[in-house]
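Asks: A single structure is presented below for examination.
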Amino acid sequence: MKTSTGGRRAASSGTSSVPSTLTSAPHAPDLDGILITWGDRLFYPGNRIVQFRPQPKLGASGAHQRANAIRQRIEATVVRRAPQVMVKVTGGGRSMAAITAHFRYISKNGRLEIEDQRGETLQGKDSLHHLADEWRMGGARIPENAEPGQRREAFNIMLSMPRGTDPLIVQRAAREFAQAELADHKYVMVLHDHQANPHVHISVRAVSRLGKRLNPRKNDLHRWRETFAEKLRGYGVEAEATRQTTRGQHRQPDPLWRLKAREEGRLRRATSSKQSGPQNHPAKKGAIDAWVQIGLALAQSGQAEDRQLAGHVARFVKEMTATQSGAPQRSPIRSEPMVQHPSQKPGLQPNLQPRTPPRDIGPNR
């Protein structure tokens, strides 16, 4: 019987069927390109980057530097499990009465030091009155009391790091974050180091001096986390701002109406068990595909460090594909043996094989 393809000849001769793309180790430029392509989708999604002009194509040295940066993000996520920063909008004032009350809360009624956008510090109850007058008179008018449907005139932001982080470094990083992300806005910040996690409260006026209105969305929070983590790393603190789906997590909180109805005993129907769980979320599936492709590339590298990193990626993917109950879920990694690189030592290469062809991950996933 004639065979029309090399794959059929291999099958007829009794050799294992291995995709042709996995039979030889990629050259360094190919590996760099794979890391950049899939690493950008994991760590730098397009919807978090505002591009004002077409980005120049990377040369060989630039691509290698970019790939090394991706490697560092991979190691921080799957090997060192670096602490994740938290940036959260906790609310906002719709009137001067609400804004002043928040000033009192974050400063513990004037006992803690308040720092403004100019770097000037103030403390004491009297200083809170002067600060409120400055916000009331400076810029667009803020009503003393909120009317129904009144928009927010200030946003409350909290930046936090896990226990054990130096509070003064958290404060310095938060200061640099505010200077970068809240430029031209009036804001104040207060460090809280008396609780388990050191964190900084920032109250920022919604309308800037140039009349531009702050309206933080999900993409802005992603960027803010990246900025805060970058400022912390500048002080030698290991910090990451990886998305939940990239870390294999997906939490879908109940909507506010359901929580209120449950508290008041008005919830008549429980959440349907037929709904797809977090493990079936499209964003998580896309992240798994990206991790598998990265693992496949690293596993065939000529560098032992890359192949060792591929082993960590393989274990990380297995954790991602576990169900919430802890029972192992079918992993997208097959146990088929892969062709071993001649220079590779036994036992360093994981069994990485995608179960289905990877889907293209759009910028909005």
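Asks: Mind telling me which of the residues Ile74, Ile99 ends up being more than 18 Å from Val190 (Cβ to Cβ), among the aliphatic types (A, V, I, L, M), in contact with a helix residue (DSSP H, G or I) (Cβ under 9 Å, 6 or more places away or on another chain) and part of a helix (DSSP H, G or I)? Steps first, please.
Replies: Details: Ile99 fails: more than 18 Å from Val190 (Cβ to Cβ).
Answer to the check: Ile74.
Asks: Of all residues in the stretch 163-198 being under 24 Å from the mean Cα position of the chain (by Cα) and basic (Lys, Arg), which is most open to solvent (accessible area, probe 1.4 Å)?
Replies: By that ranking, first place goes to Arg163.
Asks: List every residue pair whose Cβ atoms lie under 7 Å apart, where the two residues are 6 or more positions apart in sequence or sit on different chains, the first residue falls within the stretch 195-211 and is farther than 28 Å from Ala239 by Cβ, and the second residue, located anywhere, is of a type outside the set (Phe, Trp, Tyr) and open to solvent by 10 Å² or more (accessible area, probe 1.4 Å).
Replies: Val207/Gly139; Val207/Ala140; Val207/Arg213; Arg209/Gly139; Arg209/Asp184; Leu210/Asp184
Asks: Say we look at the stretch 128-151 and pick out the residues that are at pLDDT below 90 and of a type in the set (Lys, Arg); which of these is most open to solvent (accessible area, probe 1.4 Å)?
Replies: Among those residues, the one meeting the criterion is Arg141.
Asks: May I ask you to list the residues in the stretch 199-236 that are open to solvent by 10 Å² or more (accessible area, probe 1.4 Å), touching a strand residue (DSSP E or B) at 6+ places or on another chain (Cβ under 7 Å) and of a type outside the set (Lys, Arg)?
Replies: The answer is His199, His201, Val207, Leu214, Pro216, Leu221.
Asks: Also, I was wondering about something else. Let me spell it out: the conditions are (1) modelled with pLDDT under 85; (2) outside any loop (DSSP other than H, G, I, E, B); (3) open to solvent by 80 Å² or more (accessible area, probe 1.4 Å); (4) closer than 27 Å to Ser208 by Cβ, and Val50 meets all of them except one. Which number is the exception?
Replies: So the condition that Val50 fails would be (2).
Asks: Output the residues belonging to the stretch 81-96 that are outside any helix (DSSP H, G or I) and not charged (D, E, K, R).
Replies: Listed by number, the residues that qualify are Ala82, Pro83, Gln84, Val85, Met86, Val87, Val89, Thr90, Gly91, Gly92, Gly93, Ser95.
The values are calculated or read from the model by the stated rules, or taken from the named source; none is laboratory data. Values in this document were obtained by computation on a predicted structure and should not be read as measured data. Quick reminder, even Gly has a Cβ in these numbers, built from the backbone with ideal geometry, and neighbours come from all protein chains shown. The accessibility values were calculated without ligands, DNA or RNA, using every heavy atom of the protein model including side chains. Shrake-Rupley method; radii C 1.70, N 1.55, O 1.52, S 1.80 Å.
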